[in-house]
Amino acid sequence: MTVDPNRLDALLHEERRFPPPESFREQANFNDPAVYERAAQDPDAYWAEQARHISWFRPFDKVLEWDPPHAQWFVGGKLNAAYNAVDRHRQGARKNKAAIVWEGEPGDSRVLTYDMLGREVDKAAHALRQLGVQKGDRVTIYLPMIPELPIAMLACAKIGAIHSVVFGGFSAAALRDRILDADAKLLITADAGWRRGSLIPLKSNADQAVDGTSVEKVIVVRRVGEASGASMVPGRDVWWHDWLAQAPTTPCPAEEMDAEDVLFLLYTSGTTGKPKGIVHTTGGYLVGVNTSMRSVFDIKDSDVYFCTADIGWVTGHTYIVYGPLSAGATVVMYEGAPDFPDRDRYWQIVEKYGVTILYTAPTSIRTFMKWGPEYLQRHNLDSLRLLGSVGEPINPEAWMWFHEHVGHGRCPIVDTWWQTETGAAMIAPLPGLTVTKPGSATKPVPGIVADVVDEQGNPVEPGQGGYLVIKRPWPSMLRTVWGDDERFRRTYFGKFEGVYLPGDGARIDEDGYFWILGRIDDVINVSGHRIGTMEVESALVDHPAVAEAAVIGRSHEVKGQAITAFVTVKEGVQTGPELVQELKQHVVDMIGAMARPEEIIFAAELPKTRSAKIMRRLLRDIAEGRVLGDTTTLADPSVVDMLKRQYKDSE
Ligand code: WTA
């Protein structure tokens, strides 16, 4: 496990407590502490009660069918996710309420009311049907943060097609892998995207990615225009606006989906092998995400909710698209970088739209700390009433800064622990009820049964580290890994029978508060992005100069973790700064910019155990300059000294 020593110190010595302000508690959706007790006594009844906030075409017969590791939730229920996220709001008082308030990076903006959003979704849904896309077909979506992204997702949901959104920062090769794995029929992309004033060549990546795959048609949104340099392949490529122009403008009936029909796939990194297509289904996912909007985010009709994540990650799926929209909220969606054109962009957005709830990541908060408070001081942030954090453990300093400089000491902070696999927030405060401690995600939300256990699966004493586990199924849990149920079993339920293993280490303190310590597997969390060491290693050894590579995550002040790669080269290869650059670029080409190693260290040899396993712990210690632990299992201890010297040389 990679645990930041400062973190252990924080959890043992943190004495600051932040009870919910009385005025917040009074108005909170969840302000009766008995909810925890009630949910613990009868979780099924609790979830059935929450499910009433979702519109069902046919009510479910049974709340939960648990045949470990497979769960079915809301058995027999029929519903549609797009209907819940859009159409039901069009029929009542929210018809002309802003659903999506979109801010483009260059300064353009667009507001879609629920009714307008519904019409766009219906056109796209008709257009999908006209192309022959059917219920259960996979559609890969590779778009920047523009309104067409949620529209495309919701159009898929409306007709029962399964969307697989691939983050726009992924390379052509990574996109291709995900298209192949999902066996997608259709790709929806854009000519290009904007990032810090530069173009991201989505269409040209898409061209490289689709060749020889199952993709028959490519739909292209014109985001940038001429400057994108995108070219269209006749017969295969269609402009989004042309595609929609020929679609009927009549309402598109929503497909009646079974609660357990697949809603989407979302690929995420694991310890070994290629990225996994995490499978989420319709009923449980919607109930889970909608519940957390009301409980953890205290969503109200008067809120303007801004989640700074990209929809290409689960945080955006859940807390930009399905969560806020199913709750009928107004959601702010921003296309670009926080420092474009200046470092006050988020605060400018908060002021411009009167954002009331802001959900962001510790890495962003640490970046703002580095930039200094003057960028916030340029703007009126009085509209804010609740703040959220996600993606990695938040250090108490960042928590306090968020509290003071963004929340002006007034706004509760919800530090939400969850994962792509869990679908929705799992360990988090309820802002009207929970006394928070800086750095702790506090307690499992009602209906979630979590614990920290030892190697044998026994609960550990307070303060002891162990494996975080979830002991009972929950509605928005992943159902399987796309095309590989065995991998699902092994990865998540292989260690403790019938108990879900998230892959994080944690401690519970004397007050029952959870402190997440970080991943216990070979997953690196760079700025809240999950990257498998294996993926980066595979990308490196794919380069002709490389013989062997070992990749580790070392702690990094702003990013949380940074990627360090130790590389041995083939006979006769000349090492040097050019090769370093070339290898870094190779990783970017194979995966994407977020996986670019921070540093590459050439080594004559990698430290291995006698059974030929690379000793990553040792490499991490070297990269973080720590005193080395036990090296007696090392096949050749002199390798360590050599590596230490080489690491120093490269600094
Ligand atoms: C980490 C993002 C501590 C954790 C929603 C988890 C966190 C992984 C927190 C999932 C948090 C996320 N405190 N760690 N509040 N939130 N993590 O799938 O290691 O991209 O397993 O989902 O991020 O990352 P994923």
Where residues in segment 368-416 are of a type in the set (D, E, K, R) and in contact with a Phe, Trp or Tyr (Cβ under 8 Å, 6 or more places away or on another chain), which of them is surrounded by the most Cβ atoms within 10 Å (Cβ to Cβ)?
Asp415
Only one of these conditions is not met by Glu557: (1) among the acidic types (Asp, Glu); (2) more than 16 Å from the ligand (Cβ to nearest atom); (3) open to solvent by less than 30 Å² (accessible area, probe 1.4 Å); (4) under 28 Å from Phe368 (Cα atoms). Which number is it?
(3)
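Yes/no per residue for (1) buried (at least 18 other Cβ atoms within 10 Å of the Cβ); (2) assigned to a loop (DSSP other than H, G, I, E, B):
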{"residue": "Arg223", "(1), (2)": "yes, yes"}
{"residue": "Ala227", "(1), (2)": "no, no"}
{"residue": "Met232", "(1), (2)": "no, yes"}
{"residue": "Gly235", "(1), (2)": "no, yes"}
{"residue": "Asp242", "(1), (2)": "no, no"}
{"residue": "Pro248", "(1), (2)": "no, yes"}
{"residue": "Pro251", "(1), (2)": "no, yes"}
{"residue": "Ala254", "(1), (2)": "yes, yes"}
{"residue": "Leu263", "(1), (2)": "yes, no"}
Note on Phe496: of the conditions (1) touching a Pro at 6+ places or on another chain (Cβ under 9 Å); (2) away from the ligand (no atom under 16 Å from the Cβ), unmet is (1)
Segments classed as strands (runs of 3 or more DSSP E), wholly inside segment 318-430, with at least 1 members that are more than 15 Å from the ligand (Cβ to nearest atom) and not charged (D, E, K, R):
330-334, 357-360, 386-389
With the requirement that a residue be away from the ligand (no atom under 14 Å from the Cβ) and either open to solvent by 20 Å² or more (accessible area, probe 1.4 Å) or of a type in the set (Val, Ile, Thr) (or both), what does segment 296-313 give you?
Ile299, Lys300, Asp301, Ser302, Val304
Flag if Val452 is within 16 Å of the ligand (Cβ to nearest atom), closer than 25 Å to Leu286 by Cα, crowded, with 16+ Cβ neighbours inside 10 Å and of a type outside the set (Asp, Glu):
no
Test Leu64 against the criterion of being in a helix (DSSP H, G or I), of a type in the set (A, V, I, L, M, F, W, C) and either within 30 Å of Ser198 (Cα to Cα) or open to solvent by less than 40 Å² (accessible area, probe 1.4 Å) (or both), and give yes or no.
no
Result of the Cβ filter at 6 Å on segment 11-40, keeping first residues that are of a type in the set (Val, Ile, Thr) and partners that are at pLDDT 95 or above, at least 6 apart or interchain, is Val35/Pro446
Cβ-Cβ below 7 Å, separation at least six or inter-chain, first residue in segment 417-433 and without any contact (Cβ under 8 Å) to a residue 60 or more places away in the chain, second part of a loop (DSSP other than H, G, I, E, B) and aromatic (Phe, Trp, Tyr): which pairs?
Met426/Trp418
Only one of (1) within 24 Å of Asp42 (Cβ to Cβ); (2) more than 12 Å from the ligand (Cβ to nearest atom) does not apply to Thr442, and that is (2)
Please determine whether any residue of segment 459-481 is within 13 Å of the ligand (Cβ to nearest atom), closer than 21 Å to Ile320 by Cβ, crowded, with 23+ Cβ neighbours inside 10 Å and not aliphatic (A, V, I, L, M).
yes
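The values are calculated or read from the model by the stated rules, or taken from the named source; none is laboratory data. From a predicted model like this one, the values you see are computed outputs, not experimental measurements. Methodologically, a virtual Cβ is constructed for each residue, glycine included, from the backbone with ideal geometry; neighbour enumeration extends over all protein chains shown. Note: areas computed on protein heavy atoms with side chains; ligands, DNA, RNA excluded. Shrake-Rupley method; radii C 1.70, N 1.55, O 1.52, S 1.80 Å.
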